[in-house]
Amino acid sequence: MKRLAAPKHWMLDKLTGTWAPKPSSGPHKQRECLPLIIFLRNRLKYALNNKETKMILMQRLIKVDGKTRTDSTYPTGFMDVIGIEATNENFRLVYDTKGRFAIHRITAEEAQYKLCKVRRLQLGAKGIPFVVTHDGRTLRYPDPLIKVNDTVKVDIESGKITDYIKFDTGNLAFVTGGRNTGRVGVITHRERHHGGFDIVHIKDSVDRQFATRLTNVFVIGDGNKAWISLPKGKGVKLTITEERDRRREAARA
């Protein structure tokens, strides 16, 4: 893929090459994923170049959602757990309030599970019900109360659903697309638009209201308690003047 055609949130500079890694086909969309090479080389700085990244991967040191991955362009995406056993590190891919994937370290305990948004609910062959999640998993025999847009907690080792959160007003949600990507808040209201896009109104922890499409909303907590740890800033978007003031305070300190 050409460097300039790569998604902006990969933060590749224009001048250090013509090309960018093209993500392999996988569980996340090309524009919404982060290839492993960019995570290891550009974010964590564990490798200097493509060759070193491949050396790390070919030693089978990197696991994504509990499975060893050796493809340098494997597309990791929102909520994926990346584990590096050699350094005892675990990361969860979540967005910061600028819409970029943050380097968010998590505990080994939290790395045992991930949250998945239900995209589809169907009956398969022989009337077996199944759900399809945002990361391409097909989970058979879900709880009959689970519906589309709900969030399921999946145990990574067994791949089974252990718990779920309903898509409901009063629950905590993470925005995964649009201008408000990375913001976290409580769902206050859902506008239904037949033949159009349903709009969800959300209020964050400092009482700022914003609205986004239903497809961009990912429920992450029951009530206002999140089931995952949140990155720096806790999903509160600051205005540019607030950011400037924080920077000046940090510089003074």
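The values are calculated or read from the model by the stated rules, or taken from the named source; none is laboratory data. These figures come from a predicted structure and were not determined experimentally. Note: ideal-geometry Cβ built from the backbone for every residue, glycine included; neighbour counts use all protein chains shown. Remember, those area values only see protein heavy atoms, side chains included, never the ligands or the DNA or RNA. Shrake-Rupley method; radii C 1.70, N 1.55, O 1.52, S 1.80 Å.
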Report task. Using only Cα positions of the chain, each an equal point scatterer, no hydration layer, compute I(q)/I(0) via Debye at q = 0.11, 0.13, 0.17 Å⁻¹ and quote the log10 values to two decimals. Result -> -0.65, -0.90, -1.40
Query - Viscosity 1.567 mPa s, temperature 4 °C, Stokes-Einstein D of segment 1-45 from Kirkwood C-alpha radius, µm²/s - result: 119 µm²/s
Report task. Specify the inter-centroid distance of segment 1-76 and segment 203-223, based on alpha-carbon positions, in whole Å. Result -> 29 Å
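With a cut-off of at most 16 other beta carbons within 10 Å, and DSSP calling the residue loop, which GluC sites (Glu not before Pro) in segment 106-181 qualify? Please list them.
Details: sites: Glu109, Glu110, Glu157; in loops: Glu109, Glu157.
Of the GluC sites (Glu not before Pro), the ones in loops of segment 106-181 whose Cβ has at most 16 other Cβ atoms within 10 Å are Glu109, Glu157.
Over segment 6-50, average the accessible area per residue using a 1.4 Å probe and give it in Å², no decimals. Before the final figure, lay out the partial values.
Details: 2620 Å² over 45 residues.
Accessible area per residue: 58 Å².
Over segment 170-235, with the other protein chains present, what is the accessible area per residue in square angstrom, probe 1.4 angstrom?
Numbers: 3410 Å² over 66 residues.
Ligands and nucleic acids excluded, the result is 52 Å² per residue.
When N is the residue count of segment 105-183, what does its C-alpha Rg come to as a fraction of 2.2 N^0.38 Å? Walk me through the numbers before you get to the answer.
Numbers: Rg = 13.7 Å, N = 79, 2.2 N^0.38 = 11.6 Å.
Compared with the compact-globule rule of thumb, segment 105-183 sits at 1.18.
Would you mind telling me the share, in percent, of accessible area of segment 152-253 contributed by carbon and sulfur at probe 1.4 angstrom?
The value for segment 152-253 is 48 percent carbon and sulfur by accessible area.
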Query raised in the report: How much mean residue ellipticity at 222 nm does the chain get from its helices, if each DSSP H run of length 4 or more adds -39500 (n - 2.57) and you divide by all residues, to the nearest 500 deg cm²/dmol?
Result: -2500 deg cm²/dmol
**Report entry** Cα Rg, Dmax (largest Cα-Cα span) when computed across segment 5-87, Å
**Finding:** 12.2, 36
Report summary line: For the chain, the dipole about the Cα centre with charges only on Cβ (Lys and Arg +1, Asp and Glu -1), to the nearest 20 debye, works out at 880 debye
Report task. Determine the equivalent ellipsoid of segment 139-212 by diagonalising the alpha-carbon gyration tensor, then write out the semi-axes as square roots of 5 times the eigenvalues, largest first, rounded to whole Å. Result -> 26, 16, 11
Query raised in the report: Quick one: which of Lys2/Lys237; Lys14/Lys54; Lys22/Lys54; Lys98/Lys160 span more than 25 angstrom between C-alpha atoms?
Result: Lys2/Lys237; Lys98/Lys160
Query raised in the report: Most mobile of Phe39, Phe130, Phe218 per a Gaussian network model of the chain (Cα springs, under 10 Å)?
Result: Phe130
Query raised in the report: Any idea what Rg and Dmax come out to for segment 128-253 if you just take the C-alpha atoms, in Å?
Result: 17.0, 62
Report summary line: Debye calc, one equal point scatterer per Cα of segment 95-151, no solvent, log10 I(q)/I(0) at q = 0.14, 0.20, 0.21, 0.25 1/Å comes to -0.53, -0.82, -0.86, -1.00
Query raised in the report: Relative to the compact globular guide of 2.2 N^0.38 Å, what is the alpha carbon radius of gyration of segment 57-98, as a ratio?
Result: 1.19
Query raised in the report: Ratio of Rg to Rh for segment 199-253, alpha carbon only, Kirkwood?
Result: 1.06
Requested in this report: From zero up to wherever the largest Cα-Cα distance of segment 134-176 sits, split into 10 Å bins and tell me the percent of pairs in each.
Outcome: 24, 56, 20, 0
**Report entry** Descending principal axes extents, segment 28-127, alpha-carbon based, whole Å
**Finding:** 50, 33, 30
Query raised in the report: Most mobile of Lys153, Lys45, Lys114 per a Gaussian network model of the chain (Cα springs, under 10 Å)?
Result: Lys45
